[in-house]
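Have a look at the structure below before the remarks.
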Amino acid sequence: MNRQRRKYLIYFIVCLLLTIAITPRLLTLIGFPKQFQIIQGHQQLLNINFPFDVYIRTHHNKKITINGQEVDRDYFKVNLGQPLAIKSMALGKVNLEFNLFGIIPIRKAVVNVIPQVKVYPGGQSIGVILKSKGVVVVKESYVLGADNKKYYPAKMAGIEVGDKIVAINSQEVKGKESLAKLINYYGSRQKELKIKIKREGNVIYKEIKPKKNKFGRYMIGLYIDDGTTGVGTLSFYDPYSKRYGALGHMITDPNSRSRITISEGKIVQAKISGIHQGSSGIPGEKLGTFFNNQDIIGRIEKNSRFGIYGRLTGSLNNRFFPEPIPVATALQVKEGPAKIYTVVHGGEIEEFDVRIERVFKQYQPKEKGLIIKITDYDLLKRTGGIIQGMSGSPIVQNGRLVGAVTHVFIDDSARGYGVLAEWMVKTAGVVKTHMARRLGN
């Protein structure tokens, strides 16, 4: 009998240890978040789909309810096989502890309670003008000397296409003109150049002696670029802080494919003069016109993986939205019909039907948050689907801003990716601004 009891006890201990070891990993696999956001005063359903009873408690004094019951320092039981209805009236962070059988800690989760943020959806076509910090090498060249011979100072020094030149002899390179002046200045004084370069995330140095060309100017034999321009779409703007977000994706250097670090940048009003239709395998594009120093509507302060951000300096309007609308959290976005807003001709914003085919479960910021399909016959007829220049077009569902269009599927131009609006407004600093306003800071 004792032997039988020992046997059962060993089985129990082994099962208990396996449960302790496996459960946290299993919860991660099924999408049990370590942290997530809910809106103050709004009930949010969280689906875990873990068919076990667990016990929950918190050490915070901030009031938060789950399934209508207030969470405090004492454990209470819930079944994770059913959705958890979570609500809090207090702003800030709440730490929750989840225990299995009331004795095995399996997860700690942070609930970020944020104010309801309301913004104006965009849809306006914008010209994007970026000037980078430093210059990027786009092509090797040569210096034609006074003797009509070709010289290759940069190539001989080991400078490569894609390198970013950020300084010469400890002086910052601010652009193409800045680089040319520094090269000529030190070359005319017979001084070597110690060039600071960023290459694939690493900083390296190269030494070059400039060569005088046949016109008497010192050069090193490179084609360079110091920025980029293009057409995109504004995603949203905050009426209080004037902060905006656009594009929904990072602007990269077309040659090195690396992120452009901004020296200065601006967005201007753009007009769409034509469309190159997209088709399977070939993305289409908007043909836009804008002027560098006219109709400036904002400054660019940040170029991130979720788009470009800054502050508006001019006024905007969208006839479809006379008032700002709520921004959806990641948990509020659902599969189903939605609308996008974009310009296809001239400067007029139009509304088109889409379907959100898939929402990726995200509790941390990630670029690809959803998949959409254009279902509007008129838009498909005019553009062939999602095209370049449409990036940033706001996606609205059930009266909420849920995301922005980012990329087209190369093999199916009617479908593409979108980024969740929650991450965009957070990156823009809008959530922080609204939190400070609500707390009176």
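Tabulated data for the structure shown
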{"quantity": "Residue satisfying all of: in the stretch 48-93; out of contact with any strand residue (DSSP E or B) (no Cβ under 8 Å at 6 or more places or on another chain) and surrounded by 13 or more Cβ atoms within 10 Å (Cβ to Cβ); farthest from residue 114 (Cα to Cα) among these", "calculated": "50"}
{"quantity": "Close pairs from the stretch 89-104: first over 16 Å from residue 75 (Cβ atoms) and touching a residue at least 12 places away in the same chain (Cβ under 8 Å), partner of a type in the set (A, V, I, L, M) and surrounded by fewer than 16 Cβ atoms within 10 Å (Cβ to Cβ), Cβ under 7 Å, at least 6 apart", "calculated": "91/439; 93/110"}
{"quantity": "Exclusive hit being surrounded by fewer than 16 Cβ atoms within 10 Å (Cβ to Cβ), among the β-branched types (Val, Ile, Thr) and touching a Leu at 6+ places or on another chain (Cβ under 9 Å), set 229, 252", "calculated": "229"}
{"quantity": "Residue selected from the stretch 203-219 under the condition under 17 Å from residue 170 (Cα atoms) and in a strand (DSSP E or B), by the criterion nearest to the chain's Cα centre (by Cα)", "calculated": "203"}
{"quantity": "Hits in the stretch 387-434 - residues which are part of a helix (DSSP H, G or I), in contact with a Pro (Cβ under 9 Å, 6 or more places away or on another chain) and farther than 17 Å from residue 365 by Cβ", "calculated": "434"}
{"quantity": "The lone exception for residue 402 - which of (1) surrounded by fewer than 21 Cβ atoms within 10 Å (Cβ to Cβ); (2) more than 21 Å from residue 283 (Cα to Cα); (3) modelled with pLDDT of 95 or more it fails", "calculated": "(1)"}
{"quantity": "Residues being surrounded by fewer than 18 Cβ atoms within 10 Å (Cβ to Cβ) and modelled with pLDDT under 95 - total across the stretch 193-202", "calculated": "4"}
{"quantity": "When residues of the stretch 357-379 are limited to those that are part of a strand (DSSP E or B) and not acidic (Asp, Glu), the one surrounded by the fewest Cβ atoms within 10 Å (Cβ to Cβ)", "calculated": "358"}
{"quantity": "Output for the stretch 77-88, where each listed residue is of a type outside the set (D, E, K, R), without any contact (Cβ under 8 Å) to a residue 40 or more places away in the chain and in a strand (DSSP E or B)", "calculated": "78, 79, 84"}
{"quantity": "Counted residues, the stretch 405-416 - those being of a type outside the set (Ser, Thr, Tyr), at pLDDT below 95 and buried (at least 23 other Cβ atoms within 10 Å of the Cβ)", "calculated": "1"}
{"quantity": "Some residue of the stretch 321-342 being crowded, with 19+ Cβ neighbours inside 10 Å, under 30 Å from residue 163 (Cβ atoms) and assigned by TED's automatic domain parsing to the domain that holds residue 238", "calculated": "no"}
{"quantity": "Considering residues of the stretch 417-439 that are touching a Ser or Thr at 6+ places or on another chain (Cβ under 7 Å) and crowded, with 24+ Cβ neighbours inside 10 Å only, the residue nearest to residue 304 (Cα to Cα)", "calculated": "424"}
{"quantity": "Residue pairs meeting the criteria (Cβ under 7 Å; at least 6 apart or on separate chains; first closer than 19 Å to residue 250 by Cβ and in a loop (DSSP other than H, G, I, E, B), in the stretch 301-330; second among the hydrophobic types (A, V, I, L, M, F, W, C) and modelled with pLDDT of 95 or more)", "calculated": "306/419; 306/423; 306/424"}
{"quantity": "Contacts under 9 angstrom Cβ, first residue in the stretch 392-416 being more than 24 Å from residue 304 (Cβ to Cβ), partner in a strand (DSSP E or B) and polar (S, T, N, Q), 6 or more apart", "calculated": "413/279"}
{"quantity": "Of residues in the stretch 133-183 being of a type in the set (Asp, Glu) and surrounded by fewer than 18 Cβ atoms within 10 Å (Cβ to Cβ), the one farthest from residue 222 (Cα to Cα)", "calculated": "147"}
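The values are calculated or read from the model by the stated rules, or taken from the named source; none is laboratory data. Just so we're clear, the structure is a prediction, and the values are computed from it rather than from any experiment. FYI the Cβ positions are ideal-geometry reconstructions off the backbone, even for glycines, and counts take in every protein chain you see.
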